[in-house]
1. If we count every other residue with Cβ under 14 angstrom of Ala72's Cβ, Lys/Arg +1 and Asp/Glu -1, where does the sum land?
2. Applying a 10 Å radius around every beta-carbon, put 160-167, 110-117 in order of their mean neighbour count, most first.
3. For every other residue with a beta carbon closer than 12 angstrom to the beta carbon of Ile89, add +1 if it is Lys or Arg and -1 if Asp or Glu, then tell me the sum.
4. Put +1 on the Cβ of each Lys and Arg and -1 on the Cβ of each Asp and Glu in the stretch 55-168; which of Val73, Thr164, Ser137 then has its Cα farthest toward the positive end of the dipole?
Amino acid sequence: MTLNLYRTSFLICSASIALGLTACAGDPLESGVDPFAPMIFKEGATAMPLNPPNKTTLVPYYVSRETVFKFAVDTDSILIGADGVTRYIVVLTNPSGGEQIQYEGIRCDSFQARIYGTFENGAWRENPLSTWKDIQSKTANRYQAALAQGAFCNMNIQEKNIGTIIKALDPNSFTGGTKPTNSYGMQY
């Protein structure tokens, strides 16, 4: 009889300890330790550039057959942010030679872009209405999609090596005009 009482009290005590440890562990989704929990994007501070684009480091890149605009990125301005945003200065040139210069960011994880500001009358002007917008890859002037797909992103992961980005921007081998495919030829 005492042996059964001992076993019963041992099981009750063990169950109590197990429940107590489980309660102390908490919900992994609330504590932030769950590796499968969705990540929440938190953008770092973004300062406008101090200088206009450097004409000697402007690299033109191909966008599409349909566009009449020319596009170039200032390779000196490319910043690979720890927040997952690649920031850069881009120069858009219309057929009559007029230029629009913008400071932008691309997020590879969500395939979104943001225009932080423009260079007007010799000074950078911040865009107060700037928000993240989906990158359009089915338009003629798909310059952000071309940069993301051809240099800044490795599928949906930010490229962290500036040397790899600059090599990818080489006008002789730039692939931003086409979306990468898997081994079955299916586009991502």
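Rule-based calculations on the coordinates, nothing more; no lab input. The structure displayed is predicted, hence computed values, not measured ones. Positions of Cβ are generated from backbone atoms using ideal geometry, with glycine treated the same way; all protein chains shown enter the neighbour counts.
1. Working: positive: Lys55, Lys70; negative: Asp74, Asp76, Glu99, Glu104, Asp170.
That works out to -3.
2. Per-residue mean Cβ counts within 10 Å order the peptides as 110-117, 160-167.
3. -2
4. Comparing the listed Cα positions along the dipole, Ser137 ranks first.
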